[in-house]
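Undergrad: Right, I'll just put the structure down here and ask away after.
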Amino acid sequence: MARINLLPWREERRKQREREFYAILGGAFAAAALVSFLLVMWFDGQIEGQKARNQFLQGQIQEMDKKLVEVQDLEKTRSKLLLRKQAIEELQANRSQMVHLFDDLVRTIPDGVRLSSIKQTGEILMLEGQAESNARVSNYMRNLEASAWMTNPELQNVEAKGSDKRNRYSFILRVTIKKPQAAGTDELQPAGAAPGGKS
């Protein structure tokens, strides 16, 4: 004899599937929440780590800024010391230069020429004097050009004055002073001797 199932099996099956669906949905939601929580915690950890690194870098930058200020102060001090050193070296060189310059001024004056005025402006000398003739002035200019401490003599003015043969021509010469030689070279030469043995 055949058995007939009169229970609403389709309704029970549908309810069973709904329960399974909600269980899976709940599990998925819980898994998603757990993953989200873990991601948030991981990102928070990364952010905190980056903040710590940023603070460390900021501290290092501040330290470097302080050292940079100290280096700049040292550079300024170094520049001042170099300027002082350069001024002292120039004074030492000029002291030697003046000795040689006046020695050359005496040695380059030929017979028949005398100086009445010497004026220095920087590296320029203005020489005023009297000569017996124009030839004596030209000879004086050649001597100045051959000097080790003066160069580029330029005749600014020459004119005849009076009948005195010894002071017939009045002249003005413009001469450029040469830079002193390297340290140690002028000590090797006797006083009053120009480099190259020219007298």
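The values are calculated or read from the model by the stated rules, or taken from the named source; none is laboratory data. As the structure is a computational prediction, the values presented were derived from the model and not from experiment. Don't worry about glycine lacking a Cβ; one is built from the backbone with ideal geometry, like all the others, and counts go over all protein chains shown.
Undergrad: Pairs needed: first member in segment 157-185, at pLDDT below 65; second member anywhere, in a strand (DSSP E or B); C-beta distance under 8 Å; at least 6 residues apart or different chains.
TA: Within 8 Å, the pairs are 166/130.
Undergrad: Count, please, the residues in segment 107-156 that happen to be under 20 Å from residue 95 (Cα atoms) and free of Cβ contacts under 8 Å to residues at least 12 places away in the same chain.
TA: Number satisfying all stated conditions: 3.
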